Amino acid sequence: MRIPFFSAGAYSLDSVNAESQTAVNLFQEVIESKAGRNVGRAKGTPGLTLLGTLPLSNVLAVWIGQDRLFAVAGILPSHLYEVFADGSSSDHGSVGNALYTPFATLANPEYQPALIFPNASGSQLMIINGGFLWVDSGSGAVPVNFSIPMVGLQIDATGNGLIGLTPFGPSDVGATMEIQSGTGFTIQSQVITSVVGGSAIAALAWGTASSIGGTGIEVLGAQAYTDLYTLSPGWFVGSNSYQFQQSDIGRTLVITSGSGWTHGTYLISGWGLGGPASGTVLLTQNGLPAAPAAPNTSGGHGTEETGGQVAAGTAAYLDTYGIFAAPQSNQWYITGIDDFTSCNPSDEADKEAYPDHILAMLADHELLWIFGDLESTEIWQDVGAANFPFQRLQAGGVIHYGLAAQFSPVRLSINGIAWMAFATSRGDVQAVYCQGLIPQRISTHAIEQTWRTYPTVEDAIGYTETDEGHEFWVLHFPSGDATWVFDFTAWQQTGIPQWHRRGYWDGTTLHRQLQRCHAYGDLYGHGSAPAISGAHFVGDHASGNIYIQSLSTPSDNGHAIYRQRACPHVAGDNQRFFYSLFQLEMDLGEDDVTVTFDYSKDHGHTFVNPQSLTAVAAVNANAPNVSGYSTRLRWRRLGWAWDIVPRITIISATAPISITNAFMDGEPGGE
């Protein structure tokens, strides 16, 4: 009998008595001619070839465009690099410090990915890393500050006071005023040191007294505190003279002095005890709560970067606008047209349908998807309005699914997106695919049960890749030490959600795959290295390695790849069978490979009697029916069973794998 070796990929339930299929570093491919040796085959997943190694470890992002490859790597700090075809790299400067993922620990640190976006003209890259926004305009990455264009400026009668169309106030102290034009105005940049009667005062005169008609940009600065205090357990902070607002969340607070206070930079990540009414906030460092002083300590001094560097936890790009949202906020902003360095705090909108924070953004087919962290997802579009160009869709603009994993949303196939979805009012996490505005579940009971065994799925990192016609959604689970892949193409062809597991084999244990970020494209030649055409570039989650990924590469940078397939249950209709033969047909190319066969007779709970055979690549006089291009491996005398689960395992660094058929011979032997 032919075994349905090609089936539903990995599908092992919590009770393997019902189903126990595994697919590790093997994926199912439909034979589209419908006239092949089988309806499909099992094919080996791609391997890795080293392109080069960056100076810092932990590759957080890769991006390719205009035949140039960029990557973010490192944690304390992270740097932006351009990577060349010969494997060398050029450092474009620091882009802050990476943040921990949910449930990361000091003993087992894991860091959030970075995000990279180009502008329309190709002159800038926007980088989101460590909770902040950076821009590289060609001369290196720089932090971006909120700024407000100003017109109609005047200089008072003393020459020392600058007057705006609206009065300056205390919050402007610490901001930088850049004078750009105006008769009688000195073209300069000065920090506003005080505000008197609505006029901004700086160290030097602004120009000729009583001049009018000046223009400039106010680059927002810092707000000073001299009366900070902490509440138990120390990471909740308030001010006696100021009640913190929603707009403060996502900004940095720098503790500068105070008896008993630890000097340093902290991220304002959320509300303190009592929520917004308390006026206190939660401070963190590297994604974890951080106490600048012991509980109930007062007299702290510090500065809040009120409009200093723009805080951004997620971002997207659509219609010439960079779009971003601060961490732990429902507010989001747009940059100037084709200029990521222009960030006006008044160019702002709110996620409004449900009071959850914005966890992620994704632009697809002229629509902006805004994912909440609890219950809802909103869809906005650019309607070209004068005051603010985006507007939420009036019909179908809200989906009552939130986002379980911040970095899981992806574009998938031609017309859809996918994400790890859940709603706090309903329960468990599901993988969903949305074509139009109607989500469809694409995870299975089996894989959802597996995900529930992980410490969390909130740290899942997703990306898509298209390889030989397969649309893959790759999900990297750091805390689960596993990588799962959804094959959209095979799902469409079979009507069954097709998942398989990928992983890196260290010789004894299967771990998550090395690569966690991906970009596809061409790369200019560099030095003596020729140009690279149409390659999958991926970054290593632990080292600084940049690899080229390919289905034709049979190893992970020289390391053997562990591949395994446990077939569906083979059982008679309430009869025991005597099995005399298991036969495997496969194409190994031109390399020998050892295949281990074992089986389970207790419904997939335990596998016994492993037996290995070596498939010989070239025609062998002692084995005339065995060659690399037409391999038949046979295991005999398997005994009797009411139910048997055959399994094969291949560990190889040299042979590409294509498995076409599996057969079992058996005869009924009574009830």
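A full extension of the chain between ALA209 and ARG441 corresponds to an added length of 76.7 nm, given 0.36 nm per residue minus the alpha carbon distance. A prolate overall shape is assigned to region 163-303, the ratio a/c of its alpha-carbon gyration tensor axes (a ≥ b ≥ c) being 1.5 or greater and a/b exceeding b/c. Placing unit charges on the Cβ atoms only, positive for Lys and Arg and negative for Asp and Glu, gives region 50-194 a dipole magnitude near 120 debye about its Cα centre.
Treating r as the C-beta distance of ARG426 and ASP14 and R0 as 22 Å, the FRET efficiency rounds to 0.60. Counting Lys and Arg as +1 and Asp and Glu as -1 over every other residue whose Cβ lies under 12 Å from the Cβ of TRP499, the net charge comes to 0. Helix-only arithmetic for the chain: the sum of -39500 (n - 2.57) across DSSP H runs with n ≥ 4, divided by the residue total, places the mean residue ellipticity at 222 nm at -500 deg cm²/dmol.
Using a/c under 1.5 as the rounded threshold, could you call region 113-242 rounded, prolate or oblate? The axes a ≥ b ≥ c are square roots of the C-alpha gyration tensor eigenvalues, and prolate needs a/b larger than b/c, oblate otherwise. Cα axes put region 113-242 in the oblate bin.
Using only side-chain charges placed at the Cβ, +1 for Lys and Arg and -1 for Asp and Glu, the dipole size of the chain relative to its Cα centre rounds to 1540 debye.
From the alpha carbon centroid of region 223-269 to that of region 472-534 is 43 Å.
The peptide list 139-147, 34-42, 605-613, put in order of mean Cβ contacts within 10 Å with the highest first, becomes 139-147, 34-42, 605-613. Taking +1 at the Cβ of each Lys and Arg and -1 at the Cβ of each Asp and Glu, which of ALA349, THR284, PRO295 sits farthest along the dipole of region 236-356 towards its positive end, judged by Cα position relative to the Cα centre? Farthest towards the positive end: PRO295. Placing unit charges on each Cβ (+1 for Lys and Arg, -1 for Asp and Glu) gives region 30-125 a dipole about its Cα centre, and among ALA85, ASN38, ASN119 the Cα reaching farthest toward its positive end belongs to ASN38. Per residue, the chain exposes 40 Å² of solvent-accessible protein surface, assessed with a 1.4 angstrom probe and all protein chains in place. Extension gain for ALA571-ASP665 works out to 32.6 nm (0.36 nm per residue, less the C-alpha to C-alpha distance). Protection proxy ranking of 395-408, 536-549, by the mean of other Cβ atoms within 10 Å over each peptide's residues and highest first, is 536-549, 395-408.
I need the shape label for region 546-593. Rule: rounded when a/c is under 1.5, else prolate if a/b > b/c, else oblate, with a, b, c from the alpha carbon gyration tensor. The shape class here is prolate.
Taking R0 as 22 Å, what FRET efficiency do you get between TYR354 and LEU273 from their Cβ-Cβ distance, rounded to the nearest 0.05? My answer for the efficiency is 0.35. Of the heavy-atom accessible surface of the chain (probe 1.4 angstrom), what whole percent is carbon and sulfur? Looking at the chain in its full context, I get 52 percent from C and S. In order along region 448-460, phi translates into HN-Hα couplings of 5, 5, 5, 4, 5, 7, 7, x, 6, 10, 5, 8, 4 Hz, rounded to whole numbers, per the Karplus curve 6.51 cos²θ - 1.76 cosθ + 1.60 with θ = phi - 60° and x for Gly and Pro. Within the shell of other residues whose beta carbon sits under 14 angstrom from the beta carbon of TYR333, the net charge comes to -2, with Lys and Arg scored +1 and Asp and Glu -1. For region 349-361, 3J(HN,Hα) computed residue by residue from phi via the Karplus equation (6.51, -1.76, 1.60; θ = phi - 60°) reads 9, 10, 5, 10, 6, 8, x, 10, 6, 6, 9, 7, 10 Hz, glycine and proline entered as x. In order along region 113-127, the phi-based Karplus estimate (6.51 cos²θ - 1.76 cosθ + 1.60, θ = phi - 60°) of 3J(HN,Hα) comes to x, 9, 10, 10, 9, x, 8, 5, 7, x, 9, 9, 10, 9, 10 Hz; Gly and Pro are listed as x.
Any chance you could run the full-extension gain for GLN492 through SER189? It's 0.36 nm times the residue separation minus the Cα-Cα distance, nm to one decimal.
So the chain would gain 103.2 nm between GLN492 and SER189.
Straight Cα distances below 27 angstrom link LYS43 to the lysines LYS34, LYS601, with same-chain residues fewer than 8 positions distant left out. Given R0 = 30 Å, the distance between the Cβ atoms of SER241 and THR265 translates into a calculated FRET efficiency of 0.90.
The values are calculated or read from the model by the stated rules, or taken from the named source; none is laboratory data. Since the model is a prediction, treat every value here as computed from it, not as a measurement. Don't worry about glycine lacking a Cβ; one is built from the backbone with ideal geometry, like all the others, and counts go over all protein chains shown. These area figures cover heavy atoms from the full protein model, side chains too; ligands, DNA and RNA do not enter into them. Shrake-Rupley method; radii C 1.70, N 1.55, O 1.52, S 1.80 Å.
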